[in-house]
1. All but one of (1) of a type outside the set (A, V, I, L, M); (2) exposed (fewer than 14 other Cβ atoms within 10 Å of the Cβ); (3) farther than 30 Å from Ala422 by Cβ hold for Trp279; state the number of the condition that does not hold.
2. From the set of residues in the stretch 120-170 that are among the hydrophobic types (A, V, I, L, M, F, W, C) and part of a strand (DSSP E or B), which is farthest from Leu102 (Cα to Cα)?
3. Taking the stated definitions as given, is Tyr314 crowded, with 18+ Cβ neighbours inside 10 Å, under 16 Å from the mean Cα position of the chain (by Cα) and at pLDDT below 95?
4. Quick check: anything in the stretch 371-386 β-branched (Val, Ile, Thr), over 25 Å from Thr220 (Cα atoms), at pLDDT 95 or above and out of contact with any Ser or Thr (no Cβ under 6 Å at 6 or more places or on another chain)?
5. Name the residues in the stretch 579-618 that are touching a residue at least 40 places away in the same chain (Cβ under 8 Å), under 24 Å from Gly332 (Cα atoms) and not in a loop (DSSP other than H, G, I, E, B), would you?
6. Only one of these is among the basic types (Lys, Arg), assigned to a helix (DSSP H, G or I) and at pLDDT 95 or above: Arg231, Arg270, Arg235. Name it.
7. For the structure I just gave you, tell me whether Arg62 is modelled with pLDDT of 85 or more, among the basic types (Lys, Arg) and either surrounded by fewer than 18 Cβ atoms within 10 Å (Cβ to Cβ) or assigned to a loop (DSSP other than H, G, I, E, B) (or both).
8. For the stretch 296-311, does any single residue satisfy the condition of being of a type in the set (Lys, Arg) and under 23 Å from Gln497 (Cα atoms)?
Amino acid sequence: MLEVSVTLSAVRRRVMAMFFFIILAVAVLIGRLAWLQILRSEELYDAAWEQWNRTIPARSPRGQIYDREGKMLAGSATVDTVVAVPAQIEDPGETAKLLAPLLDLEEGELLEKLTMNLSSIYLKRKVAPEISQAVRELDLPGIVFTTEGQRFYPNGTLASQLLGFVGMDEGLAGLEAYYEEYLKGKEGYLLFPSDNLNRPIPHEIKRFVPPKEGMDLYLTIDETIQYIIERELARAMIEFQPKTAMAIAADPHTGAILAVASKPDYDPLRYEKFESKYWTLPPVTSSFEPGSTFKLVTLCAAVEEGLYNEKEYYFCRGFATVGGHNIHCWTGSGHGSITYLQAVESSCNPAFINLGQRLGEEKLFGYIRAFGYGKPSGIDYPGESGGLVFEAEQVGPAELATSAFGQGVSVTPLQQVMAVSAIANGGKLMKPYLVQKICNVDGEVVYEQKPELVRQVISKSTAEKVAWIMENVTIRGSGMNAAIEGYRIATKTGTAQKPAPRGGYIPGEYVVSIIGFVPVEDPQIVLYVAVDGASRGPQWGSQIGAPLFKRILTDVINYLQVPPSEKTDATAEPVEVPDLRGLTVDDAAARLDTAGLMLRLIGEGQYIVNQTPKAGAMVSRQTQIVAYLGEEEAFSRSSMTLPDLSGFTVKDVGQVLNWLGLYLEAEGSGIALRQEPASGSRVEKGDVIKVFFGSPLEQ
């Protein structure tokens with residue numbers, strides 16, 4: 001009995017052990033199942049989804065870019081992209097044969113793509129609608145479509161350097177690149193169920209998740225002002241044949257940039273066909289010696305510090321001796337005894353050297369930096385240059401002297417515009433900006449830029465005094481050719497030598513410029529214009545920059561409906577035309593610099609041999625004197641070399657051809673764009689020259 005009892009007890013223990021083992025195993029299985037079904041459910045579902053489904057990305061249309069009035073500058077259209085799902089293609093060879101001519105691809109290249117071990121592959125991205133339709137009509141197994149945004153620019157090259165361009169998937173330059181995170185939107189996808197061999201699962205439904213559009217930019221740029229500036233820059237490229245022409249306009253009270261451009265530029269839809277140097281925006285990304293426009297900083301500092309008196313006399317002997325070296329005035333012979341007001345009007349270098357020496361290194365360079373020179377402004381554009389200003393340890397007597405009249409320092413046009421804006425708005429340096437707001441797809445404002453004050457640079461009284469002095473430059477100085485009847489305009493011209501790579505300056509190469517604002521009593525717009533390396537015409541700010549400045553501002557103030565000034569000090573007294581015959585271009589330009597007359601050159605040669613109007617004629621200010629360069633004998637010869645007539649008006653071309661004994665056949669209106677025969681051709685007296693006239697933007 002004892003033995004049986006022991007055996008039953010052992011069996012009972014084994015049964016209990018088995019029971020607990022089974023309970024434990026079931027608990028483990030339940031726990032495992034709970035872990036998989038609850039804790040890892042999302043992860044496993046995603047993995048299963050990946051196994052069952054394949055996706056093809058549908059890229060989002062980029063946000064639009066508008067000007068300040070809501071006019072579109074850059075937009076996106078939805079286009080098709082052709083995609084292959086290799087596992088679903090029944091006959092790769094035949095498919096490649098049919099698609100190759102439609103997609104403009106090599107048949108062998110297509111066949112290679114169609115047989116790749118991939119779930120899907122792009123065949124041709126962003127195809128034209130007619131190509132997409134032709135492929136759809138083939139109804140080929142394994143060929144599907146997804147959508148992408150295709151960028152377009154409704155105004156062609158307008159503001160191209162500002163807007164930038166877009167590559168296949170992202171912005172690569174300009175605002176397109178700077179605001180990529182806002183513009184790019186969110187990607188969608190095309191979903192189709194398939195097995196592990198990428199074959200479609202019968203009866204399963206494809207699903208399309210649309211992409212989410214990017215946000216829209218609203219710029220401070222005004223499309224009309226931008227067009228006016230670019231039209232006149234294009235004309236300057238024809239008239240003066242420079243390396244570069246540029247301009248930038250701003251609202252002086254807010255720092256908002258109203259227009260900015262340079263020529264040559266490029267087509268953003270074919271950017272790869274242009275040199276990369278044309279992709280940037282020189283008024284923001286390039287710096288150079290400013291010349292006499294920089295004298296305004298020295299003038300502001302001297303007025304603020306009580307070191308300037310417009311009635312005080314200064315004797316300009318043609319140079320100033322600094323550190324044992326003579327620094328010359330642009331006149332060569334000097335201005336003689338002049339007041340400091342006249343020194344500003346005539347842009348006398350030695351007088352400004354004297355003002356710089358009165359200020360001293362610490363004060364002058366303190367004001368230079370306070371006006372924002374020497375560092376980037378922080379504008380919302382990639383690659384902004386900060387320019388170059390001497391550090392304290394680099395400044396000696398020569399550096400102090402040259403900086404006082406704008407030589408030796410390097411600045412950007414943007415910095416110039418913001419500094420003069422401070423003069424126009426009562427002494428406040430504002431931060432410049434290009435985007436005023438960003439809106440999402442529902443039109444809600446997600447970002448808005450408010451005007452931002454950087455610092456008060458000079459007092460309001462100093463700003464008003466300098467504005468009055470600048471107005472005098474327009475009335476009696478080198479800015480007379482920028483005057484617009486009925487408006488008080490403040491200007492300052494500049495003619496800066498271009499530094500050579502190995503030191504010194506390049507002979508005969510200049511950057512001519514002008515900066516100013518209108519009207520003086522209530523400034524609405526600040527404008528800076530610069531022409532770099534003109535190969536035709538006198539390289540003087542008064543002769544190239546001022547007329548260009550006037551043409552731009554005349555149309556801009558009409559467009560903005562700026563009311564005329566109630567009182568202007570400018571007079572309409574007639575001017576006697578000087579005799580320019582026998583003079584060099586520089587001598588003639590110097591004679592006309594503060595006479596309020598404009599010099600236009602035609603022909604080749606060192607000396608002026610004819611002119612219209614003739615010497616002694618009484619004409620109004622801003623009359624254009626057309627001067628012919630060459631030899632006197634050219635007018636009596638029966639054959640001659642035909643000059644380049646591009647950039648001249650119908651009247652001017654007719655006058656010149658009349659001198660040469662040739663006849664004009666004019667076609668169109670505007671300025672001369674091309675001619676038949678071409679310039680440089682040999683022609684005979686009595687020949688008819690056909691000249692085509694039009695808008696400079698047609699060139």
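The values are calculated or read from the model by the stated rules, or taken from the named source; none is laboratory data. Owing to the predicted nature of the structure, the values given are computational and were not obtained by experimental measurement. Cβ: placed from backbone, ideal geometry, glycine included. Neighbour counts: every protein chain shown.
1. Result: Trp279 fails condition (2) only.
2. Out of the qualifying residues, it is Val166.
3. On the way: crowded, with 18+ Cβ neighbours inside 10 Å: yes; under 16 Å from the mean Cα position of the chain (by Cα): no; at pLDDT below 95: yes.
The answer is no for Tyr314.
4. Within the stretch 371-386, the subset β-branched (Val, Ile, Thr) is 379.
Among the residues that remain, those that are also over 25 Å from Thr220 (Cα atoms) are: none.
No, the stretch 371-386 contains no residue that is β-branched (Val, Ile, Thr), over 25 Å from Thr220 (Cα atoms), at pLDDT 95 or above and out of contact with any Ser or Thr (no Cβ under 6 Å at 6 or more places or on another chain).
5. Across the stretch 579-618, the qualifying residues are Val585, Asp586, Ala588, Ala589, Ala590, Leu592, Met598, Leu599, Arg600, Leu601.
6. Details: Arg270 fails: at pLDDT 95 or above; Arg235 fails: at pLDDT 95 or above.
Within the list Arg231, Arg270, Arg235, the selection yields Arg231.
7. On the way: modelled with pLDDT of 85 or more: yes; among the basic types (Lys, Arg): yes; either surrounded by fewer than 18 Cβ atoms within 10 Å (Cβ to Cβ) or assigned to a loop (DSSP other than H, G, I, E, B) (or both): yes.
Considered against the rule, which asks whether it is modelled with pLDDT of 85 or more, among the basic types (Lys, Arg) and either surrounded by fewer than 18 Cβ atoms within 10 Å (Cβ to Cβ) or assigned to a loop (DSSP other than H, G, I, E, B) (or both), Arg62 comes out as yes.
8. First, pick out the residues of the stretch 296-311 that are of a type in the set (Lys, Arg): 311.
Next, only the ones that are under 23 Å from Gln497 (Cα atoms) stay: none.
Among the residues of the stretch 296-311, not one is of a type in the set (Lys, Arg) and under 23 Å from Gln497 (Cα atoms), which makes the answer no.
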